[in-house]
Amino acid sequence: MQITSLTGTVAIVTGASSGIGEATARRLAEHGATVAVVARRKDRLDELVASIEAAGGSALAIAVDITDRAQAQAAVQTVVASFGRLDILVNKAGLMLLGDIVGADIEEWDRMIAVNQQGLLHMTHSALPHLLAAAKDDVRGVADIVDISSIAGRQASANFGVYNMTKFGVNGFTEALRQEVTKQQVRVGVLEPGAVMTELVSHNSQRVRDGLEATDDIPVRLQPEDIADSIAYMVTRPSHSSIAELWAMPTSQV
């Protein structure tokens, strides 16, 4: 099957300071894209950019908090001012804080909603005009948005309540947007990973981590590079082919 090169394109990857976001930035650069890596931890972003450039790629670090609408808008404007275009947006930034709904820390709910939903909305709204413009030119004749959801966007589980809500919302928003812009050659797809070896769980309390460990029956989890490969697959399809949804699971996960 034909795989289109990303040479000449510009991509933004949020949540790029670790895990899936970092691996995705590396993979898109390997395919020829210039990659703007967006997150709050500038030291990690600088290290990632240096590594991508040492491997022959091109990258730009932008340290911002995408839950702040003005910062998200400025990040997109910086990318377009620097490179003249935007072809791909990967909304990876995410937070998973688990626990009982009864007696929950409401501030944790607010933080998840801010990152998982509002940050995604800010970046998408700011990027769309530039993606629509890129889809009309002859570099690829298509542009891409990939939103990273979760198996938690497909099935609800006890102790995952608000995280479930944010990811179900991502799924719904992604499909609605796909229907709006797909005829303008902007492909919009959602990727739903199962268990992946990242630092996502580490943001939780020790009690929650212990509980997850006690019930964990997945001997081999996915690696961030596995999800990066899936994202690269989505954005390197020929312009007539759109992957609207991709569910990526460890073989051993039910």
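General observations
- Of all residues in region 111-132 being in contact with a Phe, Trp or Tyr (Cβ under 8 Å, 6 or more places away or on another chain) and buried (at least 24 other Cβ atoms within 10 Å of the Cβ), the one that is nearest to THR9 (Cα to Cα): LEU120
- Residue, farthest from VAL102 (Cα to Cα), within region 156-212, restricted to residues that are surrounded by 13 or more Cβ atoms within 10 Å (Cβ to Cβ) and among the acidic types (Asp, Glu): GLU175
- Selection count, region 82-108, where residues are crowded, with 18+ Cβ neighbours inside 10 Å and in a helix (DSSP H, G or I): 1
- Comparison of LYS167, LYS183 shows that the only residue that is in contact with a Gly (Cβ under 6 Å, 6 or more places away or on another chain) and modelled with pLDDT of 95 or more is LYS167.
- No other residue among ASP87, ASP65 is closer than 30 Å to ALA158 by Cα, under 19 Å from the mean Cα position of the chain (by Cα) and among the acidic types (Asp, Glu) apart from ASP65.
- Of all residues in region 66-73, at least one satisfies being aliphatic (A, V, I, L, M) and outside any helix (DSSP H, G or I).
- Options VAL79, VAL102, VAL37, VAL10; residue that is β-branched (Val, Ile, Thr) and free of Cβ contacts under 8 Å to residues at least 12 places away in the same chain: VAL102
- Pair list, Cβ under 9 Å, 6 or more apart: region 140-155 residue surrounded by fewer than 24 Cβ atoms within 10 Å (Cβ to Cβ), other residue assigned to a loop (DSSP other than H, G, I, E, B) and among the aromatic types (Phe, Trp, Tyr): ALA152/PHE160
- Residue in region 221-237 that is within 30 Å of ALA104 (Cα to Cα) and either surrounded by fewer than 14 Cβ atoms within 10 Å (Cβ to Cβ) or not basic (Lys, Arg) (or both) present: yes
- Scanning region 150-172 for residues that are farther than 16 Å from GLY189 by Cα and assigned to a loop (DSSP other than H, G, I, E, B) yields GLN155, ALA156, SER157, ALA158, ASN159, PHE160.
- Residues considered: VAL235, VAL254, VAL181. Of these, the only one that is closer than 23 Å to HIS122 by Cα and either free of Cβ contacts under 8 Å to residues at least 60 places away in the same chain or hydroxyl-bearing (Ser, Thr, Tyr) (or both) is VAL181.
- Verdict on VAL208 being over 20 Å from the mean Cα position of the chain (by Cα) and in a loop (DSSP other than H, G, I, E, B): no
- Restricted to region 209-233, and to residues there that are modelled with pLDDT of 95 or more and either polar (S, T, N, Q) or in contact with an Asp or Glu (Cβ under 6 Å, 6 or more places away or on another chain) (or both), the residue that is farthest from ARG27 (Cα to Cα) is GLN223.
- Test result for ALA135, part of a helix (DSSP H, G or I) and crowded, with 20+ Cβ neighbours inside 10 Å: yes
The values are calculated or read from the model by the stated rules, or taken from the named source; none is laboratory data. Keep in mind the model is a prediction, meaning the values are calculated, not measured. Every residue, glycine among them, receives a Cβ derived from its backbone with ideal geometry; neighbour counts consider all protein chains shown.
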